Every structure is written in C-alpha cells, then in structure tokens.
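Below you'll find the structure, written out as structure tokens, and then a few comments.
The values are calculated or read from the model by the stated rules, or taken from the named source; none is laboratory data. Note that this is a predicted model, so its numbers are computed, not measured. Glycine gets a Cβ as well: all are built from the backbone with ideal geometry, and neighbour counts include every protein chain shown. All accessible areas refer to the heavy atoms of the entire protein, side chains included, with ligands and DNA or RNA removed. Shrake-Rupley method; radii C 1.70, N 1.55, O 1.52, S 1.80 Å.
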Amino acid sequence: MVSWMISRAVVLLFGMLYPAYYSYKAVKTKNVKEYVRWMMYWIVFALYTVIETVADQTVAWFPLYYELKIAFVIWLLSPYTKGASLIYRKFLHPLLSSKEREIDDYIVQAKERGYETMVNFGRQGLNLAATAAVTAAVKDQF
C-alpha cells in the first residue's frame with residue numbers, strides 16, 4: 001500500500017506536473033527543440049498510462065512493481081537517458097507511421113458512429129421524457 005502511494009505521488013509529480021510545467025515553458029519561449037522533446041514525452045507517457053492501467057490490474061503483485069514504475073518514469077524524463085525520445089524514435093514513430101492511415105480511418109469512423117450514437121441517444125431521451133410527461137399529466141387528471 002505504501003509503495004502504491006509513493007508510486008502514485010512520483011508519477012503524478014514527476015510524470016505529469018514537472019513535464020506539464022516544462023511544456024508550458026517550451027510553449028512560452030517558442031523553443032521548437034523543447035516542443036519536440038515534450039511532444040515525444042507526452043506521446044510515450046500516454047502509451048505508458050494505457051499500459052499502466054492494465055498492468056495495475058494484472059501484475060501489481062509482482063515484487064518491486066511500483067518501484068519499477070517509479071524508475072521507468074524517471075528514466076523517461078532523464079535528460080541523460082532520453083528515455084521518452086528513445087522509445088518514441090525506435091518504436092512508436094515507426095509503428096505509428098506504418099499504421100497512420102488505418103488509425104485515421106478508424107478515428108473518422110468512430111467520430112461518425114459517435115455522432116450517430118449521440119443523436120439516437122438524444123432522441124431516445126426526448127422520447128422517454130415526453131412519455132414520462134404524458135404519463136404524469138394523465139395521472140394528475142384522475
């Protein structure tokens with residue numbers, strides 16, 4: 001339990017707040033090199049977050065699991081190891097480049113389905129509200 005709390009604090013502080021502040025600084029100073037560095041970091045960190053969510057439910061029992069998470073986040077951030085840049089350039093960029101068209105098509109389909117689903121959901125909600133109003137009005141008459 002203590003390892004989980006420390007891990008969570010480190011990931012939030014060093015994995016999110018520290019990079020968020022330096023991303024702000026990169027935007028403020030318009031430093032393109034820092035833009036690229038922090039964009040690569042956020043892309044890798046997003047993937048880490050997805051994997052972490054699944055791993056926390058399945059392999060948290062593994063000895064030193066939380067300590068490894070702390071070490072990994074620090075490795076990602078370190079200007080000496082350039083972990084996020086390494087993962088991005090060696091793995092994510094080639095993978096995303098090869099699957100970009102498929103991902104874009106999937107996103108377009110998801111947006112279309114999402115819009116259709118929201119319209120249908122809204123229509124059903126209005127129908128339920130209308131039915132409830134009519135039912136209430138009929139009950140008040142008797």
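Among the residues that make up the range 100-114, is at least one of them among the hydroxyl-bearing types (Ser, Thr, Tyr), closer than 21 Å to Tyr35 by Cα, surrounded by 10 or more Cβ atoms within 10 Å (Cβ to Cβ) and free of Cβ contacts under 8 Å to residues at least 24 places away in the same chain? Write out each step before concluding.
Going residue by residue through the range 100-114, those that are among the hydroxyl-bearing types (Ser, Thr, Tyr) are 106.
Keeping just the survivors that are closer than 21 Å to Tyr35 by Cα gives none.
No: the range 100-114 contains no residue that is among the hydroxyl-bearing types (Ser, Thr, Tyr), closer than 21 Å to Tyr35 by Cα, surrounded by 10 or more Cβ atoms within 10 Å (Cβ to Cβ) and free of Cβ contacts under 8 Å to residues at least 24 places away in the same chain.
Quick one: count up the residues across the range 67-93 that are out of contact with any helix residue (DSSP H, G or I) (no Cβ under 8 Å at 6 or more places or on another chain) and among the hydrophobic types (A, V, I, L, M, F, W, C). Write out each step before concluding.
Just the residues of the range 67-93 that are out of contact with any helix residue (DSSP H, G or I) (no Cβ under 8 Å at 6 or more places or on another chain), to begin with: 68, 71, 78-80, 82, 86, 90-91, 93.
The next check asks that each one be among the hydrophobic types (A, V, I, L, M, F, W, C); those that pass are 68, 71, 86, 91.
Number of matching residues: 4.
Taking the range 27-58, which residues are free of Cβ contacts under 8 Å to residues at least 40 places away in the same chain, more than 21 Å from Ile70 (Cβ to Cβ), assigned to a helix (DSSP H, G or I) and not hydroxyl-bearing (Ser, Thr, Tyr)?
Matches in the range 27-58: Val27, Lys28, Val32, Lys33, Glu34, Val36, Met39.
Counting just the residues of the range 72-90 that are exposed (fewer than 14 other Cβ atoms within 10 Å of the Cβ) and modelled with pLDDT under 95, which one comes out farthest from Trp42 (Cα to Cα)? Spell out how you get there, then give the answer.
Let us first name the residues in the range 72-90 that are exposed (fewer than 14 other Cβ atoms within 10 Å of the Cβ), namely 78-81, 89-90.
From the residues that got through so far, the ones that are modelled with pLDDT under 95 too are 78-81.
On the way: Ser78: 14, Pro79: 15, Tyr80: 18, Thr81: 16 Å.
Per the stated criteria, the residue is Tyr80.
Looking at the structure I just gave you, is Lys25 open to solvent by 60 Å² or more (accessible area, probe 1.4 Å), basic (Lys, Arg) and at pLDDT 90 or above?
Details: open to solvent by 60 Å² or more (accessible area, probe 1.4 Å): yes; basic (Lys, Arg): yes; at pLDDT 90 or above: yes.
Yes.
So is Ala137 loosely packed, with under 10 Cβ neighbours inside 10 Å and more than 30 Å from Ile51 (Cα to Cα) or not?
On the way: loosely packed, with under 10 Cβ neighbours inside 10 Å: yes; more than 30 Å from Ile51 (Cα to Cα): yes.
Yes, satisfied.
In the range 50-71, what residues are open to solvent by less than 40 Å² (accessible area, probe 1.4 Å) and either small (Gly, Ala, Ser) or under 20 Å from Tyr21 (Cα atoms) (or both)?
Ala55, Ala60, Ile70
When Tyr41 is evaluated against the numbered criteria (1) open to solvent by 80 Å² or more (accessible area, probe 1.4 Å); (2) in contact with a Pro (Cβ under 6 Å, 6 or more places away or on another chain), which criterion, by number, is the only one it fails?
Going through the list (1) open to solvent by 80 Å² or more (accessible area, probe 1.4 Å); (2) in contact with a Pro (Cβ under 6 Å, 6 or more places away or on another chain), Tyr41 breaks only (1).
So Val138 passes all but one of these: (1) without any contact (Cβ under 8 Å) to a residue 60 or more places away in the chain; (2) among the aliphatic types (A, V, I, L, M); (3) under 27 Å from Ala46 (Cβ atoms). Which condition number does it fail?
(3)
Which residue pairs have Cβ atoms under 7 Å apart, sit 6 or more places apart or on different chains, and have a first residue in the range 64-81 that is under 23 Å from Met39 (Cβ atoms) and a second that is assigned to a loop (DSSP other than H, G, I, E, B) and open to solvent by less than 70 Å² (accessible area, probe 1.4 Å)?
From residues that are under 23 Å from Met39 (Cβ atoms), the pairs are Trp75/Thr81.
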